[in-house]
Amino acid sequence: MTDATRPPTDADPNIEAVGAYAPRFRVSAEEFQQAWGQFHAAGINSKAVPDADEDALTMAYEAAARALDAADRAGAEVSFLAFASTTPPLAEEDLTARLGGMLAVPSGATRHVFTGSTRAGTRALDAALSAGPWEREESEGGEGVGLVVASDCPRGDPDSDEDHAAGAGAAAFVLSASGGDGDGAAVRQCAEYAEEYSGTRFRRAGSETVEGLGATGYERRAFTETLAGAVEQLDLGDEGEIDAAAVQAPNGKLPYRAASTLGVDTETIRAGATVHDLGDTAAASVPLGIAKALAEGAERVLAASFGSGAGADALLVGNSDSGIAAELSLDDGEQVSYAEYLRKRGELTSGPPEGGGAYVSVPSWKRTLDQRHRLLAGKCPDCGGLNFPPEGACNACKSLVESYDEVKLTGEGRVEAATVISQGGAPPEFAEQQAQSGDFGVAVVALEGPEGGEASVPAQVVAADPEDVAIGDTVETTMRRIYTQEGVTRYGFKIRPT
């Protein structure tokens with residue numbers, strides 16, 4: 001048994017802004033009830049379902065981009081980047097390199113990946129608080145900011161308790177020494193506790209699905225005892241009542257069973273809960289609860305995360321009088337049937353076809369990341385026209401340009417042409433995506449430059465109905481999976497209606 005408390009110091013950064021994201025698709029408890037004759041995830045009304053081109057990394061980008069926007073910060077200001085997930089797209093690869101590239105985080109920023117436990121999200125937040133504040137490169141000057149992102153999309157065997165509860169979502173926190181010049185929130189106290197309770201939840205090496213032993217009493221005891229061990233180290237009586245409690249939620253019932261041992265009532269837990277609408281979001285569960293509670297104006301938030309094994313983190317977060325900058329995207333989107341849910345998971349598809357796709361080597365793909373991830377175009381030195389990609393003859397004046405001036409497109413624009421790719425019409429590398437999601441749209445979009453001008457670019461469409469995007473519509477870019485070859489997933493921008 002271990003326990004540890006880390007009191008905050010004057011050097012600890014504050015939470016300047018929060019962002020959150022959940023996939024737009026939802027599958028209801030009723031759909032599972034009809035499919036299986038019962039539903040094993042008590043207290044969950046619906047859960048978020050990632051689209052075929054979404055994973056923990058793309059959801060992390062969505063949440064992080066929202067947090068940076070809320071803080072009015074750019075990725076170039078980030079000096080510390082932490083990514084937490086129990087479902088990273090690759091078991092071995094430093095995914096902060098990809099995430100940082102998508103967000104234009106400087107190459108010299110400190111980076112950490114946290115995984116292997118559902119408390120990874122709070123572990124990442126505590127590590128960032130311990131490490132900050134951060135200095136930026138001497139050439140840039142001033143203090144940098146920290147960016148902590150927790151993103152998860154667990155899954156279990158189709159008839160298991162774990163899969164009935166498994167949802168998806170991501171939360172991000174921008175940390176700074178100033179906390180946004182007096183705004184924002186601060187972690188007042190934090191503690192951790194560990195006790196040996198093996199088998200409460202685990203994922204075997206090489207497996208994509210989480211399991212449990214079904215020993216209900218043992219699992220409840222591990223959950224409540226470990227969380228209580230961490231929370232008991234906090235002094236919760238000095239500053240008033242707790243307004244919201246963000247408690248680890250493997251289902252919609254277990255957090256409430258811990259209410260008495262945590263010293264809060266059920267309404268306080270409900271104020272920090274996202275599980276009822278998003279499902280079990282694993283390492284993102286407690287970060288999402290913190291983000292939701294702070295965005296809704298809670299003044300004092302108790303965060304209690306649990307990781308099987310078993311360990312727990314407890315944090316007391318205080319909001320400022322003026323509140324915190326927040327941009328959350330957690331609302332319901334499109335309801336899907338249970339069959340569509342299985343289809344999006346890839347349970348009903350045969351996988352990508354063998355051969356026949358357009359082969360792009362990883363080194364060749366690497367050379368295009370400035371365009372695919374950071375929307376870098378070229379400005380013609382002769383006529384000022386914007387070109388994407390920035391190579392060859394200028395599209396506007398037709399002159400052969402040896403070196404374009406670098407310009408970052410805004411990510412907003414309008415549709416110039418659009419079509420829908422139907423079943424059988426997709427290139428082989430997109431056949432698996434189409435099998436999981438159905439028809440998809442493709443458009444030519446005029447993306448805006450920072451000082452006027454436009455560059456025409458082709459892109460896939462992310463929309464509930466691919467025919468929702470028509471010529472003249474305004475759109476924005478987002479980051480999604482493109483396709484996978486040789487075991488390496490290619491990520492790049494797609495567009496969606498604003």
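Where a number appears in this text, it was derived from the coordinates with a stated rule and is not lab data. Source: prediction; values computed, not measured. Virtual Cβ from ideal backbone geometry, glycine too; neighbours counted across all protein chains shown.
Backbone geometry of the range 109-121 corresponds, through the Karplus equation with coefficients 6.51, -1.76 and 1.60 at θ = phi - 60°, to 3J(HN,Hα) couplings of 5, 6, 9, 9, 10, 10, 8, x, 7, 6, 8, 4, x Hz, x marking Gly and Pro. The calculated FRET efficiency for the pair Asp157 and Arg374, based on their C-beta separation and a Förster distance of 35 Å, comes to about 0.35. Amide H to amide H distances under 5 Å link Val247 with Ala304, where only residues 5 or more positions off or on other chains count and H is placed in the peptide plane.
Remark on Ala166: its backbone amide H falls under 5 Å from those of Asp280, a criterion applied only to residues 5 or more positions apart or on other chains, H modelled at 1.01 Å from N. Compute the acute angle (0 to 90°) between the alpha-carbon long axis of helix 56-71 and the principal axis of greatest extent of the alpha-carbon atoms of the chain; round to the nearest 10°. That helix lies at roughly 90 degrees to the long axis. The ranking of Ile269, Ile495 from fewest to most other beta carbons within 10 Å of each one's beta carbon is Ile269, Ile495.
Using θ = phi - 60° in the Karplus curve 6.51 cos²θ - 1.76 cosθ + 1.60, the 3J(HN,Hα) couplings for the range 445-460 round to 10, 8, 8, 7, x, x, 10, x, x, 9, 10, 7, 9, x, 7, 6 Hz; x is entered for Gly and Pro.
Of all DSSP bridge pairs formed entirely within the chain, close to 75 percent run antiparallel.
A P(r) calculated from all alpha carbon pairs of the range 203-313, with 5 Å bins opening at zero, reads 2, 12, 23, 25, 20, 10, 5, 2, 1, 0 percent. Residues whose amide H comes within less than 5 Å of that of Asp473, counting only those at least five positions distant or on another chain, are Val415 (H built at 1.01 Å from N in the peptide plane). Ranked by how many other Cβ atoms sit within 10 Å of their own Cβ, fewest first, the residues Asp280, Asp465, Asp331, Asp163 fall in the order Asp331, Asp465, Asp163, Asp280. Exposure proxy ranking for Trp365, Trp134, Trp36, based on other Cβ atoms within 10 angstrom of each Cβ and starting from the fewest, stands as Trp36, Trp365, Trp134. Remark on the chain: hydrodynamic radius 23.4 angstrom, per the Kirkwood mean of 1/r across alpha carbon pairs.
Here Lys344 is the anchor, and the lysines within straight C-alpha reach of less than 17 Å, apart from those fewer than 8 places off in the same chain, are Lys47. With 25 Å as the limit on Cα-Cα distance, the pairs of Lys253/Lys292; Lys366/Lys408; Lys366/Lys398 that go past it are Lys366/Lys398.
Unpaired cysteine residues in the chain (no second Cys Cβ under 4.7 Å): Cys153, Cys190. Per-residue 3J(HN,Hα) values for the range 302-307, derived from phi via the Karplus relation 6.51 cos²θ - 1.76 cosθ + 1.60 with θ = phi - 60°, read 9, 10, 9, 10, 10, x Hz in sequence order (x marks Gly and Pro).
Using the Cβ atoms and a cut-off under 15 Å, what net charge is assigned to the surroundings of Leu68, where Lys and Arg are +1 and Asp and Glu are -1?
-3
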